[in-house]
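Here the structure comes first, spelled out in structure tokens, and everything after it is commentary.
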Amino acid sequence: MQALFDIILPVFLVIGVGYLASWRGLLTDNAVDGLMGFTQTIAIPCLLFTAIWQLDLGTNFSPPILISFYLGATSGFVAGLLGARYIFGRDWEDSVAIGFACLFSNSLLLGLPITERAYGPDALSGNYAIIAMHSPFCYALGITAMEIARARGTALRRLPLTVGRAMFRNGLVIGIAIGVAFNLGNVSLPAPVMQALDMITRTALPAALFALGGVLFRYRPEGDLRTIFYVCAISLGLHPAITFALGQSLDLSTDALRSAVMTGAMAPGVNAYVFANMYGRAKRVAASSVLLATGLCLFTSWVWLHFLP
């Protein structure tokens, strides 16, 4: 119970303050969008750039942690896709959007701060290794599946171009790519630039959590509640359970297992709604799943902390 108050609750209090500020009209929708835009296009890409730039790629990009996490994520996507289609009778395009909500964990705004508060900043190497591939992997899988579903037998020659264009317009992917290039090139930057980067990156997570609260205020628990709870069960239960089992079988180190499982145990990120909105499919289910699962994550993440060494 102490972990709930000391580790998890502060993160959700910041989200709650953002939610309250929007609810009481202290911040307009435009202000919240501006703050979220700053974090998504500037602050968090800078955070990812510096983290990946300074990461020991050879040590931390080990296949076992990536296999454990991404097989769990892909299993969640398949379960969400097939469940939406064959249990809830949604069409294929809706099913892909629902599967994406099961796939895309909130690795940045929830996974990173909760893992840091639980195990310290030195335990985040595994988180950054997962995050480096998260947006590229999830968007590549989601966009590919959606374009196939929409093609309905027509030519898919433009599919690689569509997937590549969507991914490399994403600020997170750009920040990661530049970080990898600087890392491999052993590039250094002047001290004033490093200090400026440090000032920006220190704002990234608190500002993003606050903005997330404001964004969540707009969502309402509408749509098919059975489908929404199904998404929550996969995101908060199936994905981390598969990751935990695979991590143990692959003999992950303690830090790597913690990073993989706690990242997998997070609620769907706002990108689940962004993806659904991009295609105009299952938007209410995606938005409501983000809202409900984020609230449930306060308690389920505490449970997963007790399962980990």
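The values are calculated or read from the model by the stated rules, or taken from the named source; none is laboratory data. Remember, it's a predicted structure, so these values are computed and weren't measured experimentally. Positions of Cβ are generated from backbone atoms using ideal geometry, with glycine treated the same way; all protein chains shown enter the neighbour counts. For accessibility, only protein heavy atoms count, side chains too; no ligands or nucleic acids. Shrake-Rupley method; radii C 1.70, N 1.55, O 1.52, S 1.80 Å.
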If you go through 52, 67, the only one that is open to solvent by 20 Å² or more (accessible area, probe 1.4 Å), assigned to a helix (DSSP H, G or I) and farther than 17 Å from residue 270 by Cβ is 67
Taking residue 116, is it in a helix (DSSP H, G or I), free of Cβ contacts under 8 Å to residues at least 40 places away in the same chain and either surrounded by fewer than 23 Cβ atoms within 10 Å (Cβ to Cβ) or under 16 Å from the mean Cα position of the chain (by Cα) (or both)?
-> yes
How do the pairs read when you match residues in region 297-309 that are more than 11 Å from residue 118 (Cβ to Cβ) with residues anywhere that are outside any helix (DSSP H, G or I) and of a type in the set (Gly, Ala, Ser), using Cβ under 6 Å and keeping only pairs 6 or more apart or on different chains?
-> 297/267
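Are any residues in region 190-201 more than 16 Å from residue 128 (Cβ to Cβ) and either assigned to a helix (DSSP H, G or I) or under 23 Å from the mean Cα position of the chain (by Cα) (or both), and if so, which ones?
First, the residues of region 190-201 that are more than 16 Å from residue 128 (Cβ to Cβ): 190-196, 198-200.
Result: 191, 192, 193, 194, 195, 196, 198, 199, 200.
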Failed item, numbered, when residue 240 is tested on (1) at pLDDT 85 or above; (2) more than 16 Å from the chain's Cα centre (by Cα) | (2)
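Hey, does region 83-96 have a residue that's in a helix (DSSP H, G or I), modelled with pLDDT under 90 and surrounded by 17 or more Cβ atoms within 10 Å (Cβ to Cβ)?
Initially, region 83-96 is screened for residues in a helix (DSSP H, G or I), giving 83-86, 92-96.
Next cut, modelled with pLDDT under 90 only: none.
Taking every residue of region 83-96 in turn, none turns out to be in a helix (DSSP H, G or I), modelled with pLDDT under 90 and surrounded by 17 or more Cβ atoms within 10 Å (Cβ to Cβ).
Only residues that are polar (S, T, N, Q) and in a helix (DSSP H, G or I): list them for region 97-107, please. Full working, then the answer.
From region 97-107, those polar (S, T, N, Q) are 105-107; that's our starting set.
Hit for region 97-107 is 107, nothing else.
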Give just the number: which of (1) assigned to a helix (DSSP H, G or I); (2) surrounded by fewer than 17 Cβ atoms within 10 Å (Cβ to Cβ); (3) among the β-branched types (Val, Ile, Thr) does residue 187 not satisfy?
-> (1)
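Rundown of residues vs (1) over 19 Å from residue 306 (Cβ atoms); (2) surrounded by fewer than 24 Cβ atoms within 10 Å (Cβ to Cβ); (3) of a type in the set (A, V, I, L, M), yes/no style:
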{"position": "241", "(1), (2), (3)": "no, yes, yes"}
{"position": "245", "(1), (2), (3)": "no, yes, yes"}
{"position": "248", "(1), (2), (3)": "no, yes, no"}
{"position": "263", "(1), (2), (3)": "no, no, no"}
{"position": "272", "(1), (2), (3)": "yes, no, yes"}
Residue in region 36-49 that is nearest to residue 183 (Cα to Cα), counting only those that are among the β-branched types (Val, Ile, Thr) and open to solvent by less than 40 Å² (accessible area, probe 1.4 Å) = 44
Subset tally (residues that are hydrophobic (A, V, I, L, M, F, W, C), open to solvent by less than 20 Å² (accessible area, probe 1.4 Å) and modelled with pLDDT of 85 or more) for region 208-228 = 2
Could you list, in sequence order, the residues of region 120-135 that are open to solvent by 20 Å² or more (accessible area, probe 1.4 Å) and closer than 12 Å to residue 257 by Cα?
-> 125
Those residues that are modelled with pLDDT under 85 and open to solvent by 60 Å² or more (accessible area, probe 1.4 Å), I need them from region 274-283; list them, please.
-> 274, 277, 278, 283
